[in-house]
1. For the residue pair Thr61 and Glu154, what label-to-label distance in nm results when each label sits 7 Å from Cα along the Cα-to-beta-carbon direction?
2. Quote the Stokes-Einstein diffusion coefficient, in whole µm² s⁻¹, for the chain, based on the Kirkwood radius over alpha carbon pairs, a temperature of 37 °C and a viscosity of 0.692 mPa s.
3. What distance in nm separates the simple spin-label points at Asp49 and Ser195, each placed 7 Å from Cα in the Cβ direction?
4. Computing the accessible area with a 1.4 Å probe over protein heavy atoms, can you report the carbon and sulfur percentage for the chain?
5. Computed FRET efficiency, Cβ-Cβ of Thr22 and Ala107, R0 41 Å: what is it to the nearest 0.05?
6. For the chain, what does the helix formula give at 222 nm: sum of -39500 (n - 2.57) over DSSP H segments with n ≥ 4, over the residue count, nearest 500 deg cm²/dmol?
7. How far apart, in nm, are the 7 Å Cα→Cβ label points at Phe284 and Glu263?
8. Under the definition of Cα pairs under 8 Å and six or more residues apart, what whole-number percent is the relative contact order of the stretch 1-117?
Amino acid sequence: MTRQRSLHDTLNEIAFDPLLRTLAADLPFERLGALAGYLAGADPYGEADFVRRALSRVGATDGAGVERFFEHQLWCAWREARWQSGAMAAEPGRFRVAGREWLDETAGAPTIIVAPMTVTLSDAVMCIRRLLRERPFTIYGEGIEAIDGGGLPEDRIAGGGLKAVRAIRATLGRNGVLCTYPDFVYRGHPAQPASLFGAPRPISSGFLSLGAASGTMLLPCVLLREREGIVARLEEPIRIELDGRGPEARRAALPEIAQVVAELLESLIRRAPEQWLLLPTLTFESPQMAARG
């Protein structure tokens, strides 16, 4: 039996297929954006109802939310196509920071950014570089080595396995910043259950273990599309303080920290739920995502 094609498959090809990305990169976004109404109305991939129910779960009842969600998905694929074709490097667009004082507050402390997935990976890399400037940071993510649109130096990529653990711990040990997405855990990876918008949600155990160290700062951040650019909105950081500093105290703190992370994600997603790329996972089971618990 042939698996039904998903919108994600098509968008991935727009972003990375050599021919399709070249065609997409040369188009003004309005040409692609006009397809959002078609995706919401004709629903060729059978995903509109999942999106509609997910928007309702986060409290977004605006009837235009489904179309805006598909438009943002198309915008992200178009942006990545432009990064991968080289069209974006010379003109990445406007970027600004709202709440930089919260980043400044984390100076001198190991810091972990808590951010939902709202933009394409190359855009995320670009924003991180412009946000953190000279501060030490490392980025962890599946397949990030294949993304070169943002021009990320190799020593900023954590890698995988034990190499990633060593790179991340070294960065945090220098009071640097870990950048990764905690809102998605791949199947087969250890995870801690939490509640997100009233539904079970797995949070990476490795991510939580890194955060469960006294003095670590959790910095909420969301990257949002804004006219022709992106804004990084930061919120007040949370400092982790544990009564004990040993492994047992850290393990005991994981469920509480998992829920703190989930609540931070909820607050950030509510700013613009139609821009959360993982919105449909609230109402359907992703075959790539870890079990909900």
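1. 5.5
2. The estimated diffusion coefficient comes to 166 µm²/s.
3. 2.7
4. So the carbon and sulfur contribution to the accessible surface is 52 percent.
5. 0.45
6. Values: 11 runs with 122 residues, N = 293.
Roughly -12500 deg cm²/dmol at 222 nm, from the helical runs in the chain.
7. Taking the simple label geometry, Phe284 and Glu263 are separated by 3.2 nm.
8. Details: 78 pairs, mean separation 40.7, N = 117.
Once divided by the residue count of the stretch 1-117, the mean separation gives 35 percent.
The values are calculated or read from the model by the stated rules, or taken from the named source; none is laboratory data. Being a predicted model, the structure only gives us computed values, none of them experimental. Counting neighbours? That spans all protein chains shown, and the Cβs are built from the backbone with ideal geometry, glycine included. These accessible areas exclude ligands, DNA and RNA; they are computed on the full protein's heavy atoms, side chains included. Shrake-Rupley method; radii C 1.70, N 1.55, O 1.52, S 1.80 Å.
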